[in-house]
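J.: My questions will all concern the structure given below.
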Amino acid sequence: MQLQRGFTSVMLLSTASLQHAWTYSGPEGEQHWSEHFPYCGGAFQSPIHIRSDLFRFDPSLGPIVLKNYNLSPNEQLTLGNNGHSVQISLPLRMHISNLPHHFSAAQVHFHWGSASRPLGSEHMVNNKQYAGEMHVVHFNSDKYQNLSVAADKSDGLAVLGVFIEIGEFNPAFDQFLKFLKGIKYKGQKVQISGFNVKDLFPARLDEYYRYDGSLTTPPCYPSVLWTVFRNPVTISRSQFESLATSLFMSHAQDLNPLPMNGNFRTTQLVDSRVVLVSFKEGRGLQAPLITPRFMREHIVQKLMVGDLADLADADEGLHQLLASVSKPPGANWKELQAQKGPKAKKHMLNSSQWKSQSRSVGKRRPKQNALCYVSLEHQVVSRLHQAHAENRLVQALEDEVFPELNLWSYLECRSDLALLTIRQILSERPTDEAWELDQSLNKALSGQKKTSAAGKKRKHVMNNGKHAPTIIPRKPPSEGHPHPWLQPMEWED
């Protein structure tokens with residue numbers, strides 16, 4: 001494919017990386033993805049192991065409402081083999097109606113195991129892996145004109161995940177499985193008749209897991225709002241085997257075609273994320289309620305402009321910052337819990353205050369300004385190139401992206417506030433109080449029996465309350481179709 005003229009050398013570098021071949025195993029397998037797709041080695045990656053200890057019950061999560069999913073048999077859909085999965089194109093009028101934005105459907109695809117080992121779901125739930133997993137990919141059509149434009153924006157995608165297990169025959173799946181012989185090899189496509197796509201889902205759309213994550217295939221942008229349904233659907237053994245044995249990842253002319261099975265990514269670090277659940281009971285455990293959003297804004301405000309000595313007090317403040325540190329009973333906590341409506345507003349920063357009183361991670365409400373990952377990668381590569389440190393790209397992007405994503409996710413109740421993010425906010429407050437708070441946090445964390453996987457992975461140093469992150473100016477989200485090399489049939493997630 002010809003690259004567009006006029007790109008800078010840095011942009012050529014990044015564009016070339018997105019054209020690099022990848023597989024699920026071998027020399028180009030997932031252990032090597034980050035060599036060409038740096039976000040694959042970074043923050044907020046998917047899939048994850050959904051464990052009961054991550055659950056937070058969110059009473060505001062209602063049933064998922066699927067609109068225009070019942071397609072007419074007269075409508076033609078494209079079923080294709082993209083070399084990594086089976087994929088069906090979907091019309092834009094299909095959408096999810098009860099998310100913060102209007103998310104239009106783009107495509108549905110599948111991940112599965114092998115006939116001899118029918119374990120191929122990407123997400124796991126309390127140590128259980130299912131035979132397969134279906135992903136229905138939607139993009140934020142309120143803000144972006146198509147899937148390609150939305151794919152690298154932090155608020156760009158919403159994916160519905162459905163677990164598949166072997167059991168009873170499923171007539172809805174047979175609507176496309178019976179055509180697999182026509183797409184045996186990579187790049188082959190056939191037209192199929194429309195059907196009720198909602199029939200691919202479990203009966204209960206009110207029980208699900210919700211968390212912030214990424215594409216599960218390169219380039220692994222952390223741009224996905226994940227909704228994974230609690231209840232699986234079933235397909236028969238013969239249906240599963242047709243999926244696991246009929247297809248190849250190679251082109252028809254290849255001498256040694258590679259069978260398409262085991263096309264799932266292994267689970268990734270949870271980092272500081274939590275999993276919101278829409279149901280009260282958590283498979284034998286009672287999921288705790290999420291911390292109210294106004295409380296989270298109040299905590300971030302304290303970090304930016306408040307009295308840090310209060311937060312450094314283990315009996316009064318640390319429980320507000322670290323969910324894993326038990327909170328003691330106290331009048332101040334009860335008083336804050338009782339604040340609702342107008343009473344709570346006086347404790348929050350308004351938009352202008354938020355922008356003026358912080359120049360670091362809390363510079364702006366991330367909800368209003370999505371990160372553009374391609375633009376960010378170009379800028380980071382350029383800076384590293386000047387410093388002759390291109391081999392630090394994965395870690396540099398991790399350092400840049402993680403705190404902002406963590407803050408966004410924290411304010412949306414889908415993560416705990418990570419120590420790195422706290423330090424980023426404190427970097428604008430080089431005071432003795434900031435240093436004292438950092439020491440208190442370290443002491444509290446070191447006293448815990450378990451250290452988070454994210455904490456093991458990331459080690460950052462703070463001297464006298466200072467942390468020196470590389471803050472790179474953001475470009476506004478690009479318009480038009482910035483990724484012509486990423487056509488819909490090439491997208492797995």
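Every number here is computed from the coordinates shown, using simple stated rules; none is lab data. Values in this document were obtained by computation on a predicted structure and should not be read as measured data. No Cβ is skipped: glycine too gets one built from the backbone with ideal geometry, and neighbour counts run over all protein chains shown.
J.: When the Karplus curve 6.51 cos²θ - 1.76 cosθ + 1.60 is applied with θ = phi - 60°, which whole-Hz ³J(HN,Hα) does each residue of the stretch 69-78 get, with x for Gly and Pro?
T.: Values, residue by residue: 7, 8, 8, 6, x, 7, 8, 9, 10, 9 Hz.
J.: Which far-off residues, 5 or more places away or on another chain, put their amide H under 5 Å from the one on V224, with H placed in the peptide plane?
T.: G213, S214, L215
J.: Also: Would you kindly derive the ³J(HN,Hα) couplings of the stretch 251-265 from the backbone phi angles with the Karplus curve 6.51 cos²θ - 1.76 cosθ + 1.60 (θ = phi - 60°), listing them in order in whole Hz, with x for Gly and Pro?
T.: For the stretch 251-265, the Karplus curve yields 6, 4, 7, 5, 5, 10, x, 9, x, 9, 7, x, 8, 9, 8 Hz.
J.: Over the stretch 43-286, what is the relative contact order in percent, taking alpha-carbon pairs closer than 8 angstrom and at least six residues apart? Mind showing how you got there, number by number?
T.: Numbers: 609 pairs, mean separation 72.2, N = 244.
Result for the stretch 43-286 is 30 percent.
J.: Related question: Suppose each label sits 7 Å from its Cα in the direction of the beta carbon; what would the E165-S89 distance come out to in nanometres?
T.: 3.6
J.: Moving to a separate point now. Could you rank the peptides 302-309, 153-160 by their average count of other C-beta atoms within 10 Å per residue, with the highest value first?
T.: Details: 302-309: 18.1, 153-160: 24.6.
Descending packing order for the listed peptides: 153-160, 302-309.
J.: Order these by the 10 Å Cβ neighbour count, fewest first: Y209, Y69.
T.: On the way: Y209 23, Y69 19.
Starting with the residue having the fewest Cβ neighbours, the order is Y69, Y209.
J.: Which cross-chain or sequence-distant (5 or more) residues have an amide H under 5 Å from the amide H of L247, H modelled 1.01 Å from N in plane?
T.: It is M260, by chain and number.
J.: Arranged by the count of other C-beta atoms within 10 angstrom, fewest first, what order do F169, F176, F264 take? Write out the running numbers ahead of the final one.
T.: Values: F169 12, F176 21, F264 24.
The order, fewest Cβ neighbours first, is F169, F176, F264.
J.: Suppose each label sits 7 Å from its Cα in the direction of the beta carbon; what would the K198-S52 distance come out to in nanometres?
T.: About 3.3 nm separates the two model spin labels.
J.: Can you tell me how much longer the chain between L119 and Q191 gets when fully stretched, taken as 0.36 nm per residue apart minus their C-alpha distance, in nm with one decimal?
T.: Details: separation 72, 0.36 × 72 = 25.92 nm, distance 2.92 nm.
That works out to 23.0 nm of additional length.
J.: On full extension of the chain, what length is gained from K443 through E241, given 0.36 nm per residue of separation minus the C-alpha to C-alpha distance? Can you show the working numbers first?
T.: Numbers: separation 202, 0.36 × 202 = 72.72 nm, distance 5.34 nm.
Taking 0.36 nm per residue and subtracting the Cα distance, the gain is 67.4 nm.
J.: Going 7 Å from the Cα of N256 toward and past its Cβ, which residues in the stretch 24-54 have a backbone nitrogen under 19 Å from where you end up?
T.: Answer for this model: 24-30.
J.: Run the Debye formula on the Cα coordinates of the stretch 64-195, all scatterers equal and no solvent, and tell me log10 I(q)/I(0) at q = 0.19 1/Å.
T.: Cα-only, vacuum Debye calculation for the stretch 64-195: -1.25.
J.: Something else: Cβ neighbours within 10 Å, averaged per peptide: list 58-67, 397-406, 107-116, 189-198 in order, most packed at the top. Can you show the working numbers first?
T.: Details: 58-67: 14.1, 397-406: 22.9, 107-116: 20.7, 189-198: 16.0.
Most protected by this proxy first, the peptides run 397-406, 107-116, 189-198, 58-67.
J.: Amide H of I50: which non-local residues (sequence gap of 5 or more, or other chain) have their own amide H closer than 5 Å, using H built in the peptide plane?
T.: For I50, the qualifying residues are M124, V125, N126.
J.: Enumerate the calculated ³J(HN,Hα) couplings along the stretch 121-133 in order (Karplus 6.51 cos²θ - 1.76 cosθ + 1.60, θ = phi - 60°), each rounded to whole Hz, writing x wherever the residue is Gly or Pro.
T.: These are the phi-based 3J(HN,Hα) values: 5, 7, 7, 10, 10, 6, 6, 9, 10, 8, 5, x, 8 Hz.
J.: Which pairs, out of K143/K184; K128/K178; K178/K198; K67/K153; K128/K443, put more than 26 Å between their alpha-carbon atoms? Numbers along the way, then the final one.
T.: On the way: K143/K184 36 Å; K128/K178 29 Å; K178/K198 18 Å; K67/K153 24 Å; K128/K443 35 Å.
The answer is K143/K184; K128/K178; K128/K443.
J.: With each label point set 7 Å from Cα along the Cα-Cβ vector, what nm distance links V65 and K280?
T.: Distance between the two pseudo-spin positions: 2.4 nm.
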